[in-house]
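Worksheet: the structure to be examined is printed underneath.
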Amino acid sequence: MLLIQNVTVIDPRSGMQTPGDILIAGDKIQKIAPVIAPPEGTDILDGSGLCAGPGLVDVHVHFRDPGLTYKEDILTGAAAAAAGGFTTVVMMANTKPPIDSVETVRYVLNKGKETGIHVETCGTVTVGMQGKKLTDMSALKEAGAVGFTDDGVPTMDEKLALKAMAETAGLHVPISFHEENPAFISDNGVNRGKASEHFGIGGSDRQAEISMIERDIELAVQTGCCMDVQHISTKEGVDFIRRAREEHPGIDIHAEATPHHIALTEEAVIEHGTLAKMNPPLRTMADRLAIIEGLVDGTIDLIATDHAPHSAEEKAKPLTEAPSGIIGLETALAVCVTELVEPHYLTICQLMEKMAYNPARMYHLDRGYLAEGGPADIVLFDPAQSFVVGEHFHSKAVNSPFIGQELMGVVRYTICDGKIVYENPAF
């Protein structure tokens with residue numbers, strides 16, 4: 001048994017935020033109370049000054065395994081997740097080969113069992129992510145896929161997208177879309193505007209995202225599917241989702257905001273170059289503030305990292321040749337505490353809802369909350385402690401624009417299935 005004492009217990013499901021103790025037996029929470037006397041032989045963890053929230057749930061990570069493990073693998077990706085307070089991650093399917101077969105789903109899930117956290121995976125929407133033929137979604141779900149996405153590649157064939165949505169609706173699983181129409185893009189990863197002009201390149205026009213979100217909302221209304229709009233970056237996209245929810249009460253549409261789109265604008269690309277190049281790109285201050293407003297009013301209900309590791313050699317290439325994406329698991333909570341909680345946009349409980357409870361609920365996972373009899377997946381963190389992001393990560397990659405930045409919110413312990421899977425050695 002493990003007794004966590006003297007923490008602020010935060011449960012986003014019930015809205016509870018209260019001082020207390022948490023007693024863990026096996027992989028379940030046995031008791032939550034103001035004071036718990038330790039049973040004989042119980043291990044004690046003093047959490048004075050710390051918040052105890054549900055283990056974070058990230059529905060959008062790239063672990064590059066199989067096939068691109070020089071960037072990241074499932075073991076190092078899971079270690080990075082644990083260091084960031086995440087106890088559950090959902091892998092994207094754009095590996096090499098893509099996760100479009102039962103065999104690949106089983107490989108990923110079996111390797112995930114070697115980690116100390118819960119590693120889930122999506123399957124691809126189309127075979128080989130070619131956008132031509134749907135995968136056998138039923139078989140992939142039976143093998144353990146929790147949802148479907150061709151993340152990294154937009155589904156341009158409208159009839160195929162509609163068919164995929166109808167299929168996932170019947171299977172009662174989410175379908176997640178990468179909303180970037182290549183017709184509006186030249187030299188992706190950089191916003192068409194101040195940043196693209198600075199570098200003298202074409203960049204990614206905001207209409208690339210806007211047009212796809214508008215189309216897919218209409219298709220989602222027709223099919224009644226559970227749709228996730230991934231890594232939203234435009235104020236117009238936020239407005240479309242808000243309006244769709246108002247016009248179609250009960251519609252099952254979700255939207256992700258990444259910590260980097262919450263915290264940064266296209267100015268970061270000018271400052272950091274390839275370390276701030278990503279798809280969709282960082283955009284304007286108006287877009288950043290609209291994303292924050294969407295988080296505040298509930299239009300955006302998920303925060304997901306889009307953890308995208310690349311090698312230092314790849315990111316050292318010229319801007320137009322370097323791959324898009326940044327790592328995010330180890331800085332996500334701190335970025336969100338700094339940019340959302342400290343300025344009083346969200347409470348810590350509301351942040352836990354968007355980083356744990358809502359993501360778990362979308363994927364029908366019994367996680368993301370703290371309650372007696374519930375899962376013993378817990379992050380212990382100090383929201384008042386600051387630190388400077390260093391150059392060493394548990395991830396294989398170091399492609400982060402937050403290196404050298406002072407952030408608030410230090411993860412002290414991560415507990416998954418009742419076991420401590422991460423302890424911060426610096427505090």
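Structure values in brief
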item	result
Residue in the range 375-396 that is out of contact with any Asp or Glu (no Cβ under 6 Å at 6 or more places or on another chain), in a helix (DSSP H, G or I) and under 22 Å from Ile420 (Cα atoms) present	no
Any hit, the range 43-56, residues being in contact with a helix residue (DSSP H, G or I) (Cβ under 8 Å, 6 or more places away or on another chain), assigned to a loop (DSSP other than H, G, I, E, B) and at pLDDT 95 or above	yes
Filtered residue count, the range 404-423, keeping only those that are within 30 Å of Glu271 (Cβ to Cβ) and in contact (Cβ under 8 Å) with a residue 24 or more places away in the chain	5
Residues satisfying the stated conditions in the range 181-193, i.e. open to solvent by 10 Å² or more (accessible area, probe 1.4 Å), of a type outside the set (S, T, N, Q) and in contact with a Ser or Thr (Cβ under 8 Å, 6 or more places away or on another chain)	Phe184, Ile185, Asp187, Arg192, Gly193
Test: Ala308 is open to solvent by less than 30 Å² (accessible area, probe 1.4 Å), touching a helix residue (DSSP H, G or I) at 6+ places or on another chain (Cβ under 6 Å) and farther than 21 Å from Ser211 by Cα	no
Some residue of the range 138-151 being open to solvent by 30 Å² or more (accessible area, probe 1.4 Å) and closer than 30 Å to Val421 by Cα	yes
Filter pass, Met129 being over 23 Å from Glu209 (Cα atoms), surrounded by 15 or more Cβ atoms within 10 Å (Cβ to Cβ), touching an Asp or Glu at 6+ places or on another chain (Cβ under 7 Å) and at pLDDT 95 or above	no
Those residues of the range 210-234 which are in a loop (DSSP other than H, G, I, E, B) and not hydroxyl-bearing (Ser, Thr, Tyr), in sequence order	Gly224, Cys225, Cys226, Gln230, His231, Ile232
Residue pairs meeting the criteria (Cβ under 6 Å; at least 6 apart or on separate chains; first polar (S, T, N, Q), in the range 373-390; second modelled with pLDDT of 95 or more and open to solvent by less than 10 Å² (accessible area, probe 1.4 Å))	Gln385/Val410
Matching residues, the range 340-374, being in a helix (DSSP H, G or I), within 18 Å of Ile22 (Cβ to Cβ) and touching an Asp or Glu at 6+ places or on another chain (Cβ under 9 Å)	Cys349, Met352, Ala356, Tyr357
Some residue of the range 242-249 being more than 22 Å from Met156 (Cα to Cα), open to solvent by 60 Å² or more (accessible area, probe 1.4 Å) and either of a type in the set (Lys, Arg) or in contact with a His (Cβ under 8 Å, 6 or more places away or on another chain) (or both)	yes
Total residues in the range 69-108, condition of a type in the set (A, V, I, L, M), open to solvent by 20 Å² or more (accessible area, probe 1.4 Å) and either at pLDDT below 95 or out of contact with any His (no Cβ under 9 Å at 6 or more places or on another chain) (or both)	2
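The values are calculated or read from the model by the stated rules, or taken from the named source; none is laboratory data. Remember, it's a predicted structure, so these values are computed and weren't measured experimentally. We place every Cβ from the backbone using ideal geometry, glycine too, and count neighbours over all the protein chains shown. For the accessible areas, the whole protein counts, side chains as well, though only heavy atoms, and no ligand, DNA or RNA atoms are used. Shrake-Rupley method; radii C 1.70, N 1.55, O 1.52, S 1.80 Å.
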